[in-house]
Amino acid sequence: MNTNDVGFAFVSFKGAKGGKERPIFIVEVTEQDIVFYSITSQYETKSPAIQRQYYQIVQWQEAGLKKPSWIDIGSKRMVEKSMLAFDVVGELSTEDIQGLADFIEQYTRIH
């Protein structure tokens with residue numbers, strides 16, 4: 001697993017028991033930890049405030065995803081490597097890596 005990989009992992013719910021297998025985007029890999037953002041296909045069902053923190057993956061098929069998807073930059077998460085079973089399905093395109101970086105910069109400037 002590497003930075004910019006897209007894959008599936010079991011992710012626990014914040015502040016609650018349980019979780020589910022979901023797509024994630026790897027932001028950083030250290031010796032002990034993995035930093036990631038969750039990926040969702042549920043854009044339309046979210047409030048406008050939540051939608052503003054979603055980056056639309058332009059080349060979602062190249063990233064190994066089965067349907068149009070968005071990266072949720074609202075909460076960067078970290079987990080110990082030993083606690084994450086991760087199956088790589090693809091990686092973000094150069095266009096999407098740059099688009100995400102620009103999106104994060106704009107978002108943080110406004111918020």
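Observations on the model:
- Of the residues making up the stretch 9-31, those that are surrounded by fewer than 19 Cβ atoms within 10 Å (Cβ to Cβ) and closer than 11 Å to L84 by Cβ are F10, V11, S12, V29.
- Taking residues in the stretch 91-111 that are touching a residue at least 24 places away in the same chain (Cβ under 8 Å), and partners anywhere that are open to solvent by 50 Å² or more (accessible area, probe 1.4 Å) and of a type outside the set (F, W, Y), the pairs with Cβ atoms closer than 7 Å and at least 6 places apart or on different chains are S93/Q59; S93/E62; E95/V58; E95/Q59; D96/V58; D96/Q59; G99/V58.
- Residue match in the stretch 79-90 (condition: free of Cβ contacts under 8 Å to residues at least 12 places away in the same chain and among the β-branched types (V, I, T)): no
- Hits in the stretch 61-97 - residues which are open to solvent by 70 Å² or more (accessible area, probe 1.4 Å) and closer than 19 Å to V35 by Cβ: K76, M78, E80, K81, S82, M83, A85, D87, V88, E91
- V89 passes every criterion in (1) touching an Asp or Glu at 6+ places or on another chain (Cβ under 8 Å); (2) under 21 Å from G19 (Cβ atoms); (3) not aromatic (F, W, Y) apart from (1).
- Within the stretch 32-54, the set of residues being free of Cβ contacts under 8 Å to residues at least 24 places away in the same chain and either exposed (fewer than 13 other Cβ atoms within 10 Å of the Cβ) or within 13 Å of the chain's Cα centre (by Cα) (or both) comprises Q42, E44, T45, S47, P48, A49, Y54.
- Test: residue in the stretch 43-60 that is aromatic (F, W, Y) and more than 19 Å from Q98 (Cβ to Cβ): yes
The values are calculated or read from the model by the stated rules, or taken from the named source; none is laboratory data. Please read these numbers as outputs of a predicted model, since none were measured by experiment. A quick note on method: Cβ atoms are made from the backbone with ideal geometry, for glycine too, and the neighbour counts reach across all protein chains shown. Heavy atoms of the whole protein, side chains included, go into the accessibility calculation; ligands, DNA and RNA do not. Shrake-Rupley method; radii C 1.70, N 1.55, O 1.52, S 1.80 Å.
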